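Values in this text are rule-based calculations from the coordinates and carry no lab data. Just so we're clear, the structure is a prediction, and the values are computed from it rather than from any experiment. Every residue, glycine as well, gets a Cβ built from its backbone with ideal geometry; the counts of neighbours run over all protein chains shown.
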Amino acid sequence: METIYKPSQKANKWAKYIDSLYMARPEFPFKDDFTSAIFRHADNQKWFGLIMNIPYNKLVDGKDGDVFVLNVKANPMVILGMIDQSHFFRAYHMNKVHWITILLDGHEPEDKVKLLIDMSYNLTKK
């Protein structure tokens, strides 16, 4: 598998998926932060995805270490139905009504992650 996002193989899988489907390579817009990558539309420059490495306890109390997550925009009703505190969480560091955080631990349900990425892309396009 080609590496387009170096900090994490689990995150690289989704970065590669996004790039192959939407021709959106990860961008690192934050000074001195090479683990937080955004994915944006080429035409309107709107973000539709954000990969970050965050403290695990920001999602689950009492969890140690860091985890990679993917934030995507979604329909608020979809978000409410997906929050499970296992793989899908209220958005970390984004609007909690319109964004959802996906834990990228290698056990995330691929079909649901793909659905959410596609939804985010479509909700943010021109």
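Helix-only estimate, please: 222 nm mean residue ellipticity of the chain, summing -39500 (n - 2.57) across DSSP H runs of length 4 or more and dividing by its residues, to the nearest 500. Please report the intermediate quantities before stating the final value.
Details: 3 runs with 36 residues, N = 126.
Using -39500 (n - 2.57) per qualifying helix, the result is -9000 deg cm²/dmol.
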Distance between Cα centroids, region 53-111 to region 1-52: provide it in whole Å.
17
What length, rounded to one decimal in nm, is gained on full extension from residue 122 through to residue 75, with 0.36 nm per residue of separation minus their alpha-carbon distance?
15.9 nm
In a shell of Cβ-Cβ distance under 12 Å around residue 74, excluding residue 74 itself, what net charge do Lys and Arg (+1) and Asp and Glu (-1) give?
+3
What is the sum of charges, Lys and Arg at +1 and Asp and Glu at -1, for the other residues whose Cβ falls under 11 Å from the Cβ of residue 35?
-2
Modelling each spin label as a point 7 Å along the Cα-to-Cβ direction, I'd like the residue 112/residue 17 distance in nm, to one decimal.
1.2
Filter on 31/126; 31/63; 10/112; 6/31; 16/58 - keep pairs with C-alpha separation over 22 Å:
31/126; 31/63; 16/58
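How much length is gained on full extension from residue 84 to residue 66, taking 0.36 nm per residue of separation minus their Cα-Cα distance? Numbers along the way, then the final one.
Working: separation 18, 0.36 × 18 = 6.48 nm, distance 1.93 nm.
Between residue 84 and residue 66, full extension yields 4.5 nm more.
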Of 20, 123, 91, farthest towards positive along the dipole that unit charges on Lys, Arg, Asp, Glu beta carbons give the chain
123
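Work out the length of the dipole vector of the chain about its Cα centre, built from +1 on the beta-carbon of each Lys and Arg and -1 on the beta-carbon of each Asp and Glu, and round it to the nearest 20 debye. Mind showing how you got there, number by number?
Working: 17 positive and 15 negative charges, 83 e Å.
The calculated dipole for the chain is roughly 400 debye.
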So which chymotrypsin sites (Phe, Trp or Tyr not before Pro) in region 1-52 pass both tests, a DSSP loop state and at most 15 other Cβ atoms within 10 Å of the Cβ?
30, 34
Residue 42 paired with residue 57, simple spin-label distance in nm, labels 7 Å along Cα-to-beta-carbon:
4.4
Counting Lys and Arg as +1 and Asp and Glu as -1 over every other residue whose Cβ sits under 15 Å from the Cβ of residue 50, the net charge comes to +4
